[in-house]
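Since the structure comes first, as structure tokens, the remarks are kept for the end.
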Amino acid sequence: MQKSNQEKWILYSTCDEDSYSELRALDITSNDRVLAVTGSGCRTLSLLACNPKSLISVDFSPGQNYLLELKLAAIRALSYDMLLKFFGVEDCSNRWEIFSSFEDKISPQAFAYFSANRWAIDKGILFTGRHELFYVRFVAPLMRVLYGKQLKQIARAANLEEQREIFNKHISGFLWNLMIRVGFSPLSIQIILNDPKYLVEMNVNVGDYLIERLHHTFNNHLVRDNNWTSFMFYGKYVEYQGKRCLPHFLLEENYHAIRQATTKFEIVTTNLIEYMKKMPEHSIDKYSLSDVTSCIDTPTFTSLINEVVRTGANQGKLCYRNFLNKQLIPSDLEDVLQRDQELSDSLYHDDLAFAYSFEIAQINKIENQVADTRTVAGIS
Ligand SMILES: C[S@@+](CC[C@H](N)C(=O)[O-])C[C@H]1O[C@@H](n2cnc3c(N)ncnc32)[C@H](O)[C@@H]1O
């Protein structure tokens, strides 16, 4: 019997988004009330490291929220070295024992979910999402076979010049382009992710887009310093001169910041838009909405944006990413959601998870209300 989608194993187990971009966009302070989409939980944890006043993390997939519970419990309970072992970054022989000690630290549902998937705990949870397994089991081994020598050179490249030379001369070309076009065709993505909730709409040519973005990242970001391309191409977080490139939330200073955060933190399992409809007006300062546009159609996106306008506080900030479904901030809302073109462009260039473009906006309610009042009063 086929399992329902709700019961499926998690799609995301580690971050394929670059939290540095989002933190630049949102500029979180201790007064902020933040609303985030959970996904792998890593972005939420990076936001928690900034110690906002409150943080609500929403996902309609229970497994993704269980994962966030587990990650937070592990961060709070384990030493930094042990955390890296438990998560699978470093070798460890007793992950199951460690997990068993979390029974009173996570919800009974989360404990039951991971207990039923012991293989994932034993393997190291960060490497086990259906999305991550595609890279660990398929992409990284294929890269080793086709470009093993070049990948070794790239992992040790002294600088960007050296990496560019290796990529442009020895990787980029007909075979590479063919591989991207076949491996990331809409059909392959649907088969790999096997999730009807994902990539509901696409409005770019996937092959051309990813070839250009990969060319961009190899020419602008050192792979050995980039946790996401390291994970994609090597199936692990590579080490260079004794330092592992890790996602933002896993850096030692952020591990300590998360442990010290005094944020009022809530994890909610429900549909984001339905949840927002029940929230009071002006109740959120910062929105971290991931690439939720990959999972929603255009009418749902319109409802989401309307809810941001309603629930957002004046001077608040909105950040979301677009992957293959480029949903822009609607032009009729440009007064109330003032898009930061310069920062959006800059993040598109700098973002380590090269595949996303950004929509960053400031919520500007007062000016909008003043403008409305002037219109009603007939003042031009
Ligand atoms: C598109 S995924 C991106 C995950 C991601 N790249 C990461 O690193 O975590 C974002 C998450 O949003 C959730 N999601 C999508 N649409 C949603 C909705 N309408 N309500 C609640 N959660 C939603 C999915 O279940 C998924 O876990």
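Filter the stretch 142-159 down to the residues that are in contact with a helix residue (DSSP H, G or I) (Cβ under 8 Å, 6 or more places away or on another chain) and among the β-branched types (Val, Ile, Thr) and list them by number.
Ile154
Taking the stretch 252-272 on its own, how many of its residues are crowded, with 18+ Cβ neighbours inside 10 Å and either of a type in the set (S, T, N, Q) or within 16 Å of the ligand (Cβ to nearest atom) (or both)?
Within the stretch 252-272, residues that are crowded, with 18+ Cβ neighbours inside 10 Å and either of a type in the set (S, T, N, Q) or within 16 Å of the ligand (Cβ to nearest atom) (or both) number 5.
Spot the failing condition for Ser185; the list is (1) under 27 Å from the mean Cα position of the chain (by Cα); (2) loosely packed, with under 12 Cβ neighbours inside 10 Å, and only one is missed.
(2) is the only condition that Ser185 fails.
So which of Ile154, Ile171, Ile125 ends up being closer than 24 Å to Cys295 by Cα, among the β-branched types (Val, Ile, Thr) and surrounded by 17 or more Cβ atoms within 10 Å (Cβ to Cβ)?
After ruling out the rest, the residue left standing is Ile125.
Give me a count of the residues in the stretch 201-243 that are small (Gly, Ala, Ser) and out of contact with any helix residue (DSSP H, G or I) (no Cβ under 8 Å at 6 or more places or on another chain). Outline the logic, then answer.
Going through the stretch 201-243, the residues small (Gly, Ala, Ser) turn out to be 207, 230, 235, 242.
With the extra rule that they be out of contact with any helix residue (DSSP H, G or I) (no Cβ under 8 Å at 6 or more places or on another chain), the set shrinks to 242.
Residues in the stretch 201-243 being small (Gly, Ala, Ser) and out of contact with any helix residue (DSSP H, G or I) (no Cβ under 8 Å at 6 or more places or on another chain): 1 in total.
Here are the criteria: (1) under 22 Å from Ser21 (Cα atoms); (2) among the basic types (Lys, Arg); (3) within 13 Å of the ligand (Cβ to nearest atom). Tell me which single one Lys286 does not satisfy.
Tallying (1) under 22 Å from Ser21 (Cα atoms); (2) among the basic types (Lys, Arg); (3) within 13 Å of the ligand (Cβ to nearest atom), Lys286 fails exactly one: (3).
Scan (1) more than 16 Å from the ligand (Cβ to nearest atom); (2) farther than 30 Å from Gln109 by Cβ; (3) out of contact with any Lys or Arg (no Cβ under 6 Å at 6 or more places or on another chain) for the single condition Gly207 breaks and write down its number.
Single failed check for Gly207: (3).
Enumerate the helices (runs of 4 or more DSSP H) found wholly within the stretch 168-226, keeping only those where 1 or more residues are touching a Leu at 6+ places or on another chain (Cβ under 9 Å) and at pLDDT 80 or above.
Fully inside the stretch 168-226 and qualifying: 174-183, 206-220.
Taking the conditions exactly as written (modelled with pLDDT under 95 and either buried (at least 19 other Cβ atoms within 10 Å of the Cβ) or β-branched (Val, Ile, Thr) (or both)), does Val139 satisfy them or not?
In short, yes.
Give the residues of the stretch 55-84 that are more than 18 Å from Gly129 (Cα to Cα), buried (at least 21 other Cβ atoms within 10 Å of the Cβ) and of a type in the set (Lys, Arg), sorted by residue number.
Those that are more than 18 Å from Gly129 (Cα to Cα), buried (at least 21 other Cβ atoms within 10 Å of the Cβ) and of a type in the set (Lys, Arg): none in the stretch 55-84.
Here is a check on your reading of the model: is Ser283 surrounded by 14 or more Cβ atoms within 10 Å (Cβ to Cβ), under 21 Å from the mean Cα position of the chain (by Cα) and of a type in the set (Ser, Thr, Tyr)?
no
The values are calculated or read from the model by the stated rules, or taken from the named source; none is laboratory data. The structure presented is a predicted model; accordingly, all values stated were derived computationally and were not measured. Heads up, the Cβs are rebuilt from the backbone with ideal geometry, glycines too, and the neighbour counts pull from every protein chain shown.
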